[in-house]
Structures are given as C-alpha cells and as structure tokens.
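*Asks:* Below you'll find the structure I mean.
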Amino acid sequence: MTKRIFLFALLIAAIVAQGAYATTEAPAVGTNAPDFTLTTNEGNQAGLKDFRGKWVVLYFYPKDFTSGCTLEAHNFQTDLAKYQAINAVILGVSVDTAESHKSFCAKEGLAFKLLSDPEAKVSDTYGSVMEIQGGKLSARNTFIINAEGKIAKVFMKVKPAGHSEEVLAALAELQKEKPVN
C-alpha cells in the first residue's frame, strides 16, 4: 500500500513538474532564430539583428543574484575572452528588470549584456518559460545562433556548472563545419 501511495505521489509530482514549463516549443536547429528587441543592463535597446555576423550564445536563466544563475554568469565571464576570440557574443536573458541586471552586472563583475524580458515574451518564443507559484521565470536553456542568424545548437534544462565549457566545445565543433568570417 505504501509503495502505491509513493508511486501515485511520484506520478503527480511529474505531472506538476511538466506543467511548470512553457508549452511553446524551442526553435529547432537550422531554423531562423526569432528576432527580438529588449532592454539591456545598460538601459539601451538591443536586438538579435544587432549581432548579425557574430555567433550568439543566447542563454536564458531564472533570476539575478541566485546561486545557480550567478555561477553560470561567472563561468561565462571567466571564458569571455575565449568567446570574443571566436567571434561570439554572450547575451543573457531573464524576466528581471534592466535595473536588476545593472546591479547584478556591477556586483558580479559581468562585462556581457543581460537583457530584460519582464513579460517573458522572448523567453516564451524560445520555449524557455517556467511558471512557479503563478509567476513566470525564464527556464535555464541556451541557444547557439550562427553568424547568419540560424539556430545552430540548443541546450535545454542546462546545469550551470561546466555549461560555459560545454558551449565553447559546441562552438568549436560548429565552427569547424562553418568557419568564422
């Protein structure tokens, strides 16, 4: 009887967890990356089209100043020169405000752009929204977009530790197939 109750509780938890993620599917590899314009941590507008000609690492994360998000951001910052050397830019997206991003960048020493998606519209377009306690947060997903603006690689439900190295390795493989301009 106890085993049946446990299995039932496990099933309910799985159903609830599945419902926590957006129903919009992530754009597929080989498709055009959906364009957007969002406010940066510097208070300026930035869109995907602004980075045409560069490889873009578009990473979605739940919340500024949380342990996993800070670890992921620090790892991207540590490797920033490696990304720049291969013509790649890092763009982080969450539902936090531009002002929160500004504070987060200042406190954590981040030198790449964080984009504010307060209504989670871009996050939803990229299949990267999760709902928690009635609110929306960006889910931890990453998209590599090639210099022509096409989705080259998708990472869903990433783990922050080691993710930057994983992205750099993927970029190296992708750029072997399609060299940097």
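*Asks:* First compute the accessible area of the range 16-123 with a 1.4 Å probe, then give the percent of it belonging to carbon and sulfur atoms. Spell out each step's value before the answer.
*Replies:* Details: 2670 of 5000 Å².
That fraction is 53 percent.
*Asks:* Tell me, what ³J(HN,Hα) does each residue in the range 51-57 have, in order and in whole Hz, if you take phi through Karplus 6.51 cos²θ - 1.76 cosθ + 1.60 with θ = phi - 60° and put x for Gly and Pro?
*Replies:* Residue by residue, the range 51-57 yields 10, 4, x, 10, 7, 10, 9 Hz.
*Asks:* Can you tell me what share of the DSSP beta bridges in the chain is antiparallel? A percent to the nearest 5 is fine.
*Replies:* About 65 percent, rounded to the nearest 5.
*Asks:* Counting only GluC sites (Glu not before Pro) that sit in a DSSP loop (anything but H, G, I, E, B) with at most 14 other Cβ atoms within 10 Å, what is the longest stretch of the chain containing none of them?
*Replies:* The longest such stretch corresponds to 43-118.
*Asks:* Oh, and also: Note down the net charge around VAL89, summing +1 for each Lys or Arg and -1 for each Asp or Glu among other residues with Cβ under 10 Å from its Cβ.
*Replies:* Net charge around VAL89: +1.
*Asks:* Return the Cα extents of the chain along principal axes one, two and three, sorted largest first, each rounded to a whole Å.
*Replies:* 63, 38, 27
*Asks:* Straight-line reach from LYS153: which lysines have Cα under 16 Å away, leaving out those fewer than 8 places along the same chain?
*Replies:* Straight-distance partners of LYS153: LYS54, LYS176, LYS178.
*Asks:* Also, quick follow-up: Amide H neighbours of LYS150 under 5 Å, counting only residues 5+ apart in sequence or on other chains, H built in-plane at 1.01 Å?
*Replies:* Placed amide hydrogens put ALA33 under 5 Å from LYS150.
*Asks:* From the phi of every residue in the range 136-141, what ³J(HN,Hα) in whole Hz does the Karplus formula 6.51 cos²θ - 1.76 cosθ + 1.60 yield, where θ is phi - 60° and glycine or proline is x?
*Replies:* Using θ = phi - 60°, the values come out as 10, 10, 6, 7, 7, 10 Hz.
*Asks:* Under 5 Å between amide hydrogens, which residues at least 5 positions from VAL129 or on another chain qualify, with H placed 1.01 Å from N in the peptide plane?
*Replies:* Distant-sequence amide H within range of VAL129: ALA22, ALA139.
*Asks:* I've got another one for you. Provide the per residue accessible area, probe 1.4 Å, for the chain, rounded to a whole number of square angstrom. Don't skip to the answer; put the middle values down first.
*Replies:* Numbers: 9450 Å² over 181 residues.
Per-residue value: 52 Å².
*Asks:* To continue, here is another question. Looking at the range 42-137, I'd like the Rg to Rh ratio, where Rg is from alpha-carbon atoms and Rh is Kirkwood's inverse mean 1/r.
*Replies:* That ratio is 0.95, to two decimals.
*Asks:* What is the set of long-range amide H partners of VAL89 at a cut-off below 5 Å, with H atoms built 1.01 Å from backbone N?
*Replies:* Under 5 Å from the amide H of VAL89: TRP55, VAL56, VAL57.
*Asks:* Using the Karplus equation 6.51 cos²θ - 1.76 cosθ + 1.60 (θ = phi - 60°), what ³J(HN,Hα) coupling, rounded to whole Hz, does each residue of the range 40-48 give in order, writing x for Gly and Pro?
*Replies:* Listing the rounded values in order: 8, 4, 8, x, 9, 8, 9, x, 4 Hz.
*Asks:* Summing +1 for each Lys or Arg and -1 for each Asp or Glu, what net charge is found among the other residues whose Cβ lies under 14 Å from the Cβ of ASP50?
*Replies:* Working: positive: LYS49, ARG52, LYS54, LYS113; negative: ASP35, GLU42.
Once all neighbours under 14 Å are counted, the net charge is +2.
*Asks:* DSSP loop trypsin sites (Lys or Arg not before Pro) in the range 88-181 with at most 16 other Cβ atoms within 10 Å of their Cβ, which ones?
*Replies:* LYS157
The values are calculated or read from the model by the stated rules, or taken from the named source; none is laboratory data. Treat the numbers as computed from the prediction; the structure is a model and nothing was measured. Reconstructed Cβ throughout: ideal geometry from the backbone, glycine too, with neighbour counts over all protein chains shown. The accessibility values were calculated without ligands, DNA or RNA, using every heavy atom of the protein model including side chains. Shrake-Rupley method; radii C 1.70, N 1.55, O 1.52, S 1.80 Å.
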